[in-house]
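The values are calculated or read from the model by the stated rules, or taken from the named source; none is laboratory data. Note that this is a predicted model, so its numbers are computed, not measured. As a convention, Cβ positions derive from the backbone with ideal geometry for all residues, glycine included, and neighbour counts pool all protein chains shown. Areas reflect the complete protein model, heavy atoms only, side chains present, ligands, DNA and RNA absent. Shrake-Rupley method; radii C 1.70, N 1.55, O 1.52, S 1.80 Å.
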Amino acid sequence: QVQLVESGGGLVQAGDSLRLSCAASGRTFTNTMGWFRQAPGKEREFLAAITWISGRTLYGDSVKGRFTISRENIKNTVYLQMSSLKPEDTAVYSCAGGRNILGRVSGNYEYWGQGIQVTVSS
């Protein structure tokens with residue numbers, strides 16, 4: 001079974017940077033890891049994804065150039081480095097893992113973390 005645990009969220013000011021971590025146990029059951037977010041009243045939004053083996057990445061248009069996804073295989077951990085944060089980045093951020101190739105759709109991922117709050121004040 002795969003368990004995903006996010007950490008690193010919190011309250012920051014506009015313009016700040018923040019790094020989220022997602023520790024994965026049982027990661028051998030996954031090929032791809034992704035980050036999503038959901039703000040109140042909005043649909044879940046794809047942010048970024050990465051493959052464990054090749055490190056190939058995929059980004060959502062709204063965060064391309066500001067957010068960077070990376071992985072540290074020896075620690076079974078995936079990171080989301082966020083910079084130039086804006087109030088509209090406020091949301092619950094979740095990591096997800098799946099056996100499929102890189103994808104933007106949440107259905108591409110079988111395993112999900114519990115989510116972590118990121119709040120950006122103006």
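It is to be established whether one or more residues within the stretch 46-69 are touching a residue at least 60 places away in the same chain (Cβ under 8 Å) and surrounded by fewer than 20 Cβ atoms within 10 Å (Cβ to Cβ).
Looking for residues that are touching a residue at least 60 places away in the same chain (Cβ under 8 Å) and surrounded by fewer than 20 Cβ atoms within 10 Å (Cβ to Cβ), one finds none in the stretch 46-69, hence no.
Pairs, please: C-beta under 6 Å, at least 6 apart or cross-chain, first residue over 11 Å from residue 86 (Cβ atoms) and open to solvent by less than 40 Å² (accessible area, probe 1.4 Å) and in the stretch 109-122, second of a type in the set (A, V, I, L, M) and modelled with pLDDT under 95?
Sorted first by the residue in the stretch 109-122, then by its partner, the pairs are 111/2.
Which condition number in (1) under 11 Å from the mean Cα position of the chain (by Cα); (2) open to solvent by 10 Å² or more (accessible area, probe 1.4 Å) is the one that residue 34 fails?
Of the numbered conditions (1) under 11 Å from the mean Cα position of the chain (by Cα); (2) open to solvent by 10 Å² or more (accessible area, probe 1.4 Å), the odd one out for residue 34 is (2).
Of the numbered conditions (1) surrounded by 15 or more Cβ atoms within 10 Å (Cβ to Cβ); (2) in contact with a helix residue (DSSP H, G or I) (Cβ under 7 Å, 6 or more places away or on another chain), residue 12 satisfies every one except a single condition; which is it?
So residue 12 meets the others, but not (2).
Across the stretch 86-101, which residue is farthest from the chain's Cα centre (by Cα) among those that are over 13 Å from residue 47 (Cβ atoms) and open to solvent by less than 60 Å² (accessible area, probe 1.4 Å)?
87
Looking at 20, 11 in this structure, which one is within 10 Å of the chain's Cα centre (by Cα) and either small (Gly, Ala, Ser) or under 21 Å from residue 121 (Cβ atoms) (or both)? Don't jump to the end; show me each part of the working.
On the way: 11 fails: within 10 Å of the chain's Cα centre (by Cα).
The conditions single out 20.
For (1) modelled with pLDDT of 95 or more; (2) touching a Cys at 6+ places or on another chain (Cβ under 7 Å), each residue gets a yes or a no:
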residue	(1), (2)
4	yes, yes
7	yes, no
15	yes, no
28	no, no
44	yes, no
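Could you list all residues from the stretch 15-31 that are surrounded by 15 or more Cβ atoms within 10 Å (Cβ to Cβ) and under 25 Å from residue 53 (Cβ atoms)?
20, 21, 22, 23, 24, 27, 30, 31 - these are the residues of the stretch 15-31 that are surrounded by 15 or more Cβ atoms within 10 Å (Cβ to Cβ) and under 25 Å from residue 53 (Cβ atoms).
Cβ-Cβ below 6 Å, separation at least six or inter-chain, first residue in the stretch 1-30 and assigned to a loop (DSSP other than H, G, I, E, B), second charged (D, E, K, R) and open to solvent by 40 Å² or more (accessible area, probe 1.4 Å): which pairs?
8/19; 14/86
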